[in-house]
Amino acid sequence: MSALNLPKPAWRTEEHDMLAESARAFLAKEFTPNLDRWSEAGVMDRDAWIKAADAGLLSASIPEEYGGVGGDYSHESVIAHEIAMAGADSWGWAIHGPIVAPYILHYGTEEQKKAWLPKMATGELIAALAMTEPGAGSDVQGIRTRAERSGNGWVLNGSKTFITNGQHANMVVVAAKTDPSAGAKGTSLFVVETETAPGFRRGRKLKKLGLDWADTSELFFDDMKLPAEALLGPEPNQGFYQMMRALPQERLIIAAGAIGMIERALMLTIAYVKERGAFGKKVIDFQNTQFELADMKTEATMAKAFYETCVGLHLQGQCDTVMASMAKYKLTDLQNTIVDRCLQLFGGYGFMDEYPISRMYRDARIQRIYGGTNEIMKILIARSL
Ligand SMILES: Cc1cc2nc3c(=O)[nH]c(=O)nc-3n(C[C@H](O)[C@H](O)[C@H](O)COP(=O)(O)OP(=O)(O)OC[C@H]3O[C@@H](n4cnc5c(N)ncnc54)[C@H](O)[C@@H]3O)c2cc1C
């Protein structure tokens, strides 16, 4: 089922097709019937995380020895596509699986991997990644959250905002300054298990334009005592380096969601214009509609080919910051343009909540902002000129 008929990339096997099918069936059964209710409530059921874990969707690239499925980024990419195709864009799945799990896997000590990865795989722990602060978003170096040594451990003070999974998360990777005099190089990452940590407070679940059931929130850390093992990795002041190394995958998974929504928008729109009548014809019969859709299909196909090339490179450790930034920036921009043009072909119905294209229009907007704004992506690309 696809609006874009590209040949399969070399990295995609039958196993990926089977994973796509099972993720699709899972989402249709466990998510689709609940989406309206979750949107009304502004939050998904906690239980849905556990069901997703049971279906293997939370641990695609966690190795089997740590309780995961043992795949790689290509499997995460397939799942991301299905989530977007199911219209579950509000789900903070990407933060948990393809974003936070690799932090633990790549930088954690053996004890940390054993402590956290199996619980992430079962959904016992739901992860959040807390970098952004009220005064520092794009400028990550400007964060003011501070961790100071205290005996064997640390004391954490500060606040974070716009944190995905902020209400459900019970494991938060927090960026904090450990050596403020060293600028970016004085940053460390801490893994905070919220249930065992006095001094942790969840703030508001923030009202927002889209992603209705995403529990995006403020988080506060007040004189929070952390054990030495909360520091991610064996030594402090590695945070900036750890974040920089993780960014290409974070950007690619956002691009994966963009391609998924683009395909869904095209499929829904093509079906609609074939049904909808005007002036004694179907809307598809107007040349404007055909040219619009032909143009969008062409751009989407080119974008998907580029994304799949990036996945292939990433699997070989060769998708650098520049490629990943191009994918994030260009595909999320295209996502917004295509969803807008598709909505136009729905006429007034496109503005109505009963039509998914309306929700997609709202949900698409954030893609150009989080994970590094598209302006920051262009700065990174420009450095390669
Ligand atoms: C729904 C949602 C979910 C989010 N989830 C998370 C999360 O889970 N964890 C997390 O840590 N953060 C999260 N964020 C935060 C997000 O990553 C930031 O909002 C984003 O990085 C931008 O930071 P900012 O909002 O402070 O904007 P600012 O940095 O203040 O940017 C304002 C404007 O200035 C532009 N700008 C900034 N610097 C430059 C420059 N050097 N040159 C040109 N233009 C520039 C920006 O592109 C933007 O247009 C989320 C945000 C939202 C809305």
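The values are calculated or read from the model by the stated rules, or taken from the named source; none is laboratory data. These numbers were taken from a predicted model, which means no experiment stands behind them. Note: ideal-geometry Cβ built from the backbone for every residue, glycine included; neighbour counts use all protein chains shown. Note: areas computed on protein heavy atoms with side chains; ligands, DNA, RNA excluded. Shrake-Rupley method; radii C 1.70, N 1.55, O 1.52, S 1.80 Å.
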Leading residue by the ranking (farthest from Ile163 (Cα to Cα)) among those in the stretch 80-130 that are open to solvent by less than 20 Å² (accessible area, probe 1.4 Å) and of a type in the set (Phe, Trp, Tyr): Trp116
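Out of the residues in the stretch 131-156 that are open to solvent by less than 20 Å² (accessible area, probe 1.4 Å) and in contact (Cβ under 8 Å) with a residue 12 or more places away in the chain, which is farthest from the ligand (Cβ to nearest atom)?
If we take residues in the stretch 131-156 being open to solvent by less than 20 Å² (accessible area, probe 1.4 Å) and in contact (Cβ under 8 Å) with a residue 12 or more places away in the chain, then Gly153 is farthest from the ligand (Cβ to nearest atom).
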Answer residue from the stretch 233-266, given it is over 21 Å from the mean Cα position of the chain (by Cα) and more than 26 Å from Glu308 (Cα to Cα) and is least open to solvent (accessible area, probe 1.4 Å) among those: Gly233
Strands (runs of 3 or more DSSP E) completely within the stretch 115-190 that count 1 or more residues being of a type in the set (Asp, Glu) and modelled with pLDDT of 95 or more: 146-150
Which numbered condition Thr178 misses (of (1) among the β-branched types (Val, Ile, Thr); (2) open to solvent by less than 20 Å² (accessible area, probe 1.4 Å); (3) in contact (Cβ under 8 Å) with a residue 40 or more places away in the chain): (2)
Cross-chain or 6+ apart pairs with Cβ under 7 Å, the stretch 364-385 first and free of Cβ contacts under 8 Å to residues at least 40 places away in the same chain and open to solvent by 30 Å² or more (accessible area, probe 1.4 Å), then of a type outside the set (Asp, Glu) and near the ligand (Cβ under 10 Å from one of its atoms): Arg368/Asn374
Every residue from the stretch 351-375 that is more than 17 Å from the chain's Cα centre (by Cα), closer than 13 Å to Gln335 by Cβ and within 10 Å of the ligand (Cβ to nearest atom): none
In the stretch 204-232, residue nearest to the chain's Cα centre (by Cα) [restricted to those that are open to solvent by less than 40 Å² (accessible area, probe 1.4 Å) and farther than 30 Å from Pro356 by Cα]: Leu219
Residues within the stretch 94-114 that are of a type in the set (Gly, Ala, Ser) and closer than 13 Å to Gly68 by Cα, tallied: 2
The one condition in (1) within 13 Å of the ligand (Cβ to nearest atom); (2) assigned to a strand (DSSP E or B) that Ala214 fails to fulfil: (2)
